[in-house]
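Structure first, commentary second.
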Amino acid sequence: MQQRLQGIARILGALAQISLWIASIGMVAMTVLVSWQVFARYVLHASPSWTEPASILVMSWFIFLGSAIGVRENFHMGFDVLVHFLPESTGPWMRAISDLAVVVFGVGMVVYGLQLTIDTWTAIIPVLHLPGGFTYMPVVAGGALMTLFALERLALRAAGVLVDHDPNVEEIAMTSD
């Protein structure tokens, strides 16, 4: 069972890596778009109208993909403070509750994001000439990935695989010596 789950975790790890690359490329692309807009506005005195909505669309992609990666890497908000004050045996339960909350939130993002995507698909983003539903597609993708990654953490934890290890704790301990 653990071996199968670890195989799935490797696949999801590759998916997270691809998402990270897409988010990184998106961040660079947004920086280029905004830089072009500033250059065109203040140097050429002719600001292109498409750069702002395009950069906002790109930004929403890297934000939601980055948020999903944060779930996988355990950088999302949780019950960390509470875990340190309760008995050590409650830690896995609190982390599981946190992951369940992320699953519920992720499913909500998918369901309502899909509804928004469908409802706005016939509208057109004027300067980009794209369906309005494109605006909400990052919500759906981010929610789906958050759900997958939180379910992965729950399954691995249930199978006895160490998923709650915080690499920063070790780094802090090593640097304070």
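The values are calculated or read from the model by the stated rules, or taken from the named source; none is laboratory data. Here the structure is a predicted model, which means the values were calculated and not measured. No Cβ is skipped: glycine too gets one built from the backbone with ideal geometry, and neighbour counts run over all protein chains shown.
Pro48: farther than 13 Å from Pro138 by Cβ and surrounded by 15 or more Cβ atoms within 10 Å (Cβ to Cβ), yes or no?
No.
Across segment 92-123, what is the total count of residues that are at pLDDT 95 or above and touching a Leu at 6+ places or on another chain (Cβ under 7 Å)?
1
Inspect segment 77-96 for any residue being without any contact (Cβ under 8 Å) to a residue 40 or more places away in the chain, within 16 Å of the chain's Cα centre (by Cα) and closer than 17 Å to Gly143 by Cβ and give the result as yes or no.
yes
Check segment 102-124 and report whether any residue there is under 19 Å from Gly26 (Cα atoms), touching a residue at least 12 places away in the same chain (Cβ under 8 Å) and not in a helix (DSSP H, G or I).
no
Residue check, Val127 against (1) of a type in the set (A, V, I, L, M, F, W, C); (2) surrounded by fewer than 17 Cβ atoms within 10 Å (Cβ to Cβ); (3) under 30 Å from Gln6 (Cα atoms); (4) at pLDDT below 95, all met but one. Which one?
Of everything listed in (1) of a type in the set (A, V, I, L, M, F, W, C); (2) surrounded by fewer than 17 Cβ atoms within 10 Å (Cβ to Cβ); (3) under 30 Å from Gln6 (Cα atoms); (4) at pLDDT below 95, Val127 misses just condition (3).
Please verify whether segment 14-27 includes one or more residues that are farther than 20 Å from Met137 by Cα and modelled with pLDDT of 85 or more.
Within segment 14-27, one or more residues are farther than 20 Å from Met137 by Cα and modelled with pLDDT of 85 or more.
Does Arg72 satisfy the condition of being without any contact (Cβ under 8 Å) to a residue 12 or more places away in the chain and not aromatic (Phe, Trp, Tyr)?
no
Condition (residue is assigned to a loop (DSSP other than H, G, I, E, B), aliphatic (A, V, I, L, M) and under 19 Å from Leu128 (Cα atoms)) applied to segment 83-99: is it met by at least one residue?
Quick first cut of segment 83-99, residues assigned to a loop (DSSP other than H, G, I, E, B) only: 86-87.
Next, only the ones that are aliphatic (A, V, I, L, M) stay: 86.
Going one step further and asking which of them are under 19 Å from Leu128 (Cα atoms), we end up with none.
Looking for residues that are assigned to a loop (DSSP other than H, G, I, E, B), aliphatic (A, V, I, L, M) and under 19 Å from Leu128 (Cα atoms), one finds none in segment 83-99, hence no.
What residue, of Val32, Val38, is closer than 30 Å to Gly113 by Cα and in a helix (DSSP H, G or I)?
Just a single option satisfies the conditions, and that option is Val32.
Filter segment 57-80 down to the residues that are exposed (fewer than 13 other Cβ atoms within 10 Å of the Cβ) and either at pLDDT 95 or above or aromatic (Phe, Trp, Tyr) (or both) and list them by number.
none
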